[in-house]
Amino acid sequence: MNINLSQCFIAVDDHDKALAFYRDILGLEVRNDVGFEGMRWVTVASPAQPDVEIVLEPPLADPGASAADRQAMAELLAKGLLRGVIFSTDDVDATFEHIRAAGGEVLQEPVDQPYGVRDCAFRDPAGNMLRFNQPRKP
C-alpha cells in the first residue's frame, strides 16, 4: 500500500492577502481558484513539489453555518489557533531574511532545535503559524 499526502488546508479570511503572501512572497504557484456560494478556495503548490497542494479555504466552509459558528471560527483564526504548516527549505536563514524583508510577521528567528532541525516561524496574513526548517548541519 502506498499513501502520499495530496492536499492540506489552511483557513484564510482574505484570499487576496493570502495570495500576496503564498504566491508573491513564498513563490508558490496558483493551481486553482474556485468560487462557490459566496466562498472561495485557492490551491497553491511549490513548483519543486507539484503533487502536494495547499488549499486556502474560508475559515468555515459551510454555507449553512450559524452566525455564532462563523464568529467563533473568526476568533480562532485571529488567534492563530486553527492550522499550521511546516515547510522544508535548503537555507532557513536565507528564507527567514526573504520573508522578513517582505514584511512577514516573525514569530521565531532561526534557531537550532534539539530535535535535529534549524527552523524559524512566521504568521501568514490570516494568523496561521508557518514554520520553515532544514536539517541541522553536523
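Points to keep in mind about this one:
- Condition met for ASP124 (among the charged types (D, E, K, R) and under 16 Å from the mean Cα position of the chain (by Cα)): yes
- Residues that are part of a strand (DSSP E or B) and among the hydrophobic types (A, V, I, L, M, F, W, C), drawn from segment 108-133: VAL111, VAL117, CYS120, ALA121, PHE122, MET129, LEU130, PHE132
- Some residue of segment 11-26 being assigned to a strand (DSSP E or B) and under 30 Å from LYS137 (Cβ atoms): no
- Condition check for ASP16: within 25 Å of VAL106 (Cβ to Cβ), among the charged types (D, E, K, R) and at pLDDT 90 or above: yes
- The set of residues from segment 85-107 being out of contact with any strand residue (DSSP E or B) (no Cβ under 9 Å at 6 or more places or on another chain) and not in a helix (DSSP H, G or I) comprises ALA102, GLY103.
- Subset tally (residues that are over 13 Å from LEU130 (Cα atoms) and either exposed (fewer than 12 other Cβ atoms within 10 Å of the Cβ) or among the basic types (Lys, Arg) (or both)) for segment 72-93: 3
- Residues that are in a strand (DSSP E or B) and out of contact with any helix residue (DSSP H, G or I) (no Cβ under 9 Å at 6 or more places or on another chain) within segment 33-56 comprise VAL34, GLY35, PHE36, MET39, THR43, ALA45, GLU53, VAL55, listed in sequence order.
- Answer from ASP119, ASP93, ASP112 - the residue that is modelled with pLDDT of 95 or more, within 29 Å of LYS137 (Cβ to Cβ), in contact with a helix residue (DSSP H, G or I) (Cβ under 8 Å, 6 or more places away or on another chain) and not β-branched (Val, Ile, Thr): ASP119
- Test: GLU75 is part of a helix (DSSP H, G or I), modelled with pLDDT under 95 and over 17 Å from the mean Cα position of the chain (by Cα): yes
- Residue that is farthest from MET73 (Cα to Cα), among those in segment 113-138 that are surrounded by 14 or more Cβ atoms within 10 Å (Cβ to Cβ) and of a type in the set (D, E, K, R): ARG136
- Criterion violated by LEU82 - all others in (1) part of a loop (DSSP other than H, G, I, E, B); (2) out of contact with any Pro (no Cβ under 9 Å at 6 or more places or on another chain) satisfied: (2)
- Scoring GLY103 on the criteria (1) more than 18 Å from the chain's Cα centre (by Cα); (2) at positive phi leaves a single failure, condition (1).
The values are calculated or read from the model by the stated rules, or taken from the named source; none is laboratory data. Since we're looking at a predicted model, the values are computed, not measured. In this analysis, Cβ positions are derived from the backbone assuming ideal geometry, glycine residues included, and neighbour counts consider all displayed protein chains.
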